[in-house]
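Quick notes on the structure that follows.
Taken together, the values in this text are just the output of simple stated rules run on the coordinates, not laboratory data. Since the model is a prediction, treat every value here as computed from it, not as a measurement. Cβ placement follows ideal geometry from the backbone for every residue including glycine, while neighbour counts extend to all protein chains displayed.
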Amino acid sequence: MSDLKEFRDAIDSIEVTAEQKKRMYSNIITKAEKPRRFSFPSLALKLAPVLSVCLIAVVAVTLILPNAFRGKEASDNIYNNNPTSYEGGHAGKNAESDKTVETLVIDGIECRLEIYDITDRDINDGSFAPNSVVSTSAEELTISWAEGDKLYVLSSQQAADEDSLWQLKDTVMQQLREE
Amino acid sequence: MAVNYQIAQQQFAMLYERNYQLVYRICYTYMKNQYDAEDCLEDVFVKVYSGNIEFNDENHEKAWLTVASINTCKDHLKQFWRKKVVADELIENRATVRYKDNYLLQEVMNLPEKYKDVIYLHYYLGYKSEEIASMLKRTASTVRNQLAEGRKLLKIRLEESEDE
């Protein structure tokens, strides 16, 4: 490096004045003895792991858990006749005690028939909707309908589709009338 | 306790006296302006003061301060807000004139970091490649290669600027 001297001279020419030297020393002592404060970036870095865990917890609480409970609630409602949910169940019936459950095998298809009494209260308070409803889930097909003062819910895990379950309904009703 | 404190302050004052020029030159060379150089120097000495660092001898002290100065300057240069301040306000300050006047120094400091550090340590501070290797946590052969490549690159840049 032929220009080495020039390079060294250039750096050597960088001088600190007496006033600068004094000022920097006093700044160093002040900075060193001042209680350490957190700057925003360093504070953020320190808190990042905690904040991430909190964020995950918030996401879990607000998004995942309610859905999980809703799913459980919906499935509970199908069998417990909770009037707050109409999903997959039949029109709301309050009393578990006035339910009749029968297991039937019609044309080789096993199904479950639930019969409820429809009271005036159910009709008046709007918790019973007389239209027929269908619920399909991966495991079970359910249909329900009202006739007279009864509500019928027919479920089967073996029925091929909704139409075949409606056909079973006709057979079921015919048998009931004959009885 | 007060006596110990006084001794510590005295020792620090002596250490500052021995090294402020060295640290300031490194900081000024990297930061290219007086204000940032002063900031960096203060940070380096605050680390020594607050960290209660013990040095084996003056060579160890000098080597530690050299590496700490380079690293502090790099940290400052990485700060996003600094880039804008330099661009807007400091680039034309009086202190940079001397720096800008020296073309060779400017070219050395515009080299990529890996070359700039080794060239500065070797050609200005006179460290051998083995010493630089231990200071910068690189192997001696890497340092030698980087010195050779840095020289080559510097030569090309100087020739290009002469042609212009």
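Taking the Cβ-Cβ separation of A:Ser52 and B:His60 as r and a Förster radius of 51 Å, what is the calculated FRET efficiency to the nearest 0.05?
Result of the calculation: an efficiency of 0.80.
In terms of modelled amide H atoms, which long-range or inter-chain residues lie less than 5 Å from the amide H of A:Lys150?
Here A:Ile118 satisfy the definition.
Using the reciprocal of the averaged 1/r over all distinct C-alpha pairs, how large is the Kirkwood radius of the range B:102-164 in Å?
For the range B:102-164, inverting the mean 1/r across all distinct Cα pairs yields 11.8 Å.
Return the distance in nm (one decimal) between the two label points of a simple spin-label model at A:Thr62 and B:Glu113, each offset 7 Å from Cα along Cα→Cβ.
3.7
Could you give me the ³J(HN,Hα) list for the range B:60-77, computed from phi with Karplus coefficients 6.51, -1.76, 1.60 and θ = phi - 60°, whole Hz, x at Gly and Pro?
For the range B:60-77, the Karplus curve yields 4, 4, 5, 5, 4, 5, 5, 5, 4, 5, 4, 5, 5, 4, 4, 4, 5, 5 Hz.
Starting from the amide H of A:Ser137, placed 1.01 Å from N in the peptide plane, find each other amide H under 5 Å away whose residue is 5 or more places distant or on another chain.
Under 5 Å from the amide H of A:Ser137 lie the amide H atoms of A:Thr142, each far enough along the sequence or on another chain.
Obtain the nm distance between the two label points defined at A:Val101 and A:Gln20 by a simple spin-label model: each point lies 7 Å from its Cα along the Cα-to-C-beta direction.
9.0
Can you figure out the FRET efficiency of B:Tyr103 with A:Lys31, using R₀ = 45 Å and their beta-carbon distance, to the nearest 0.05?
0.80
Please give the average number of partner chain Cβ atoms lying within 10 Å of the Cβ of each residue in B:11-20, rounded to a whole number.
That average works out to 2.
So for the pair B:Ser141, B:Lys74, with labels modelled 7 Å out along Cα→Cβ, what separation do we get in nm?
Taking the two extended label points, one gets 2.2 nm.
Cα convex hull of the range B:13-73: how many Å³ per residue?
Cα convex hull per residue, to the nearest whole number: 69 Å³.
Got a sec? How would B:Tyr115, B:Tyr35 order by Cβ neighbour count within 10 Å, fewest to most?
B:Tyr35, B:Tyr115
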